[in-house]
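The values are calculated or read from the model by the stated rules, or taken from the named source; none is laboratory data. Just so we're clear, the structure is a prediction, and the values are computed from it rather than from any experiment. As a convention, Cβ positions derive from the backbone with ideal geometry for all residues, glycine included, and neighbour counts pool all protein chains shown.
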Amino acid sequence: MKILVIRPSPTGEELVYNLNKIGISSWHFSLFDFYPSFSPISLSKKINELYQSKVILVFSKKAIYYTNLYLKSNNLQWPLHAKYYAIGKSTALFLFNYIKKKLFFLKKKKTVRIY
């Protein structure tokens with residue numbers, strides 16, 4: 001049996017490499033990849049919407065990383081007036097490194113067994 005890793009590149013390939021290295025047969029198939037955009041129509045046209053947002057949902061560390069690169073290279077900061085919601089604790093902690101304010105994230109629900 002092989003493990004299918006669908007994590008985006010390049011972290012998906014790194015995971016497969018490490019799994020194969022320890023003897024766990026696996027292969028990588030990414031549905032999407034993250035790379036910085038060099039297009040002028042990327043975040044630059046959406047920056048006003050970012051600053052007008054009351055709520056910002058964050059789904060991935062890569063999105064945080066590349067958004068922060070854009071903001072930093074344009075001498076901008078993350079909006080502080082918005083409420084931030086992250087999917088997962090590790091994503092929230094990653095974002096906290098950049099915005100230093102209270103974040104909301106989903107906590108894993110407890111599994112209840114009925115006997």
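Tyr35 meets the stated requirement of being of a type in the set (Ser, Thr, Tyr) and at pLDDT below 90.
Among the residues making up the stretch 10-32, those that are assigned to a loop (DSSP other than H, G, I, E, B) and either at pLDDT below 80 or within 17 Å of Tyr66 (Cβ to Cβ) (or both) are Pro10, Ser30, Leu31, Phe32. Checking each residue in the stretch 60-89 for being under 20 Å from Phe32 (Cβ atoms) and assigned to a loop (DSSP other than H, G, I, E, B) picks out Ser60, Ile87, Gly88. Take the conditions (1) surrounded by 11 or more Cβ atoms within 10 Å (Cβ to Cβ); (2) among the charged types (D, E, K, R); (3) at pLDDT 90 or above; Arg7 misses just one of them, which is (3).
If the condition is being under 17 Å from the mean Cα position of the chain (by Cα) and loosely packed, with under 12 Cβ neighbours inside 10 Å, then the stretch 59-89 contributes no residue at all.
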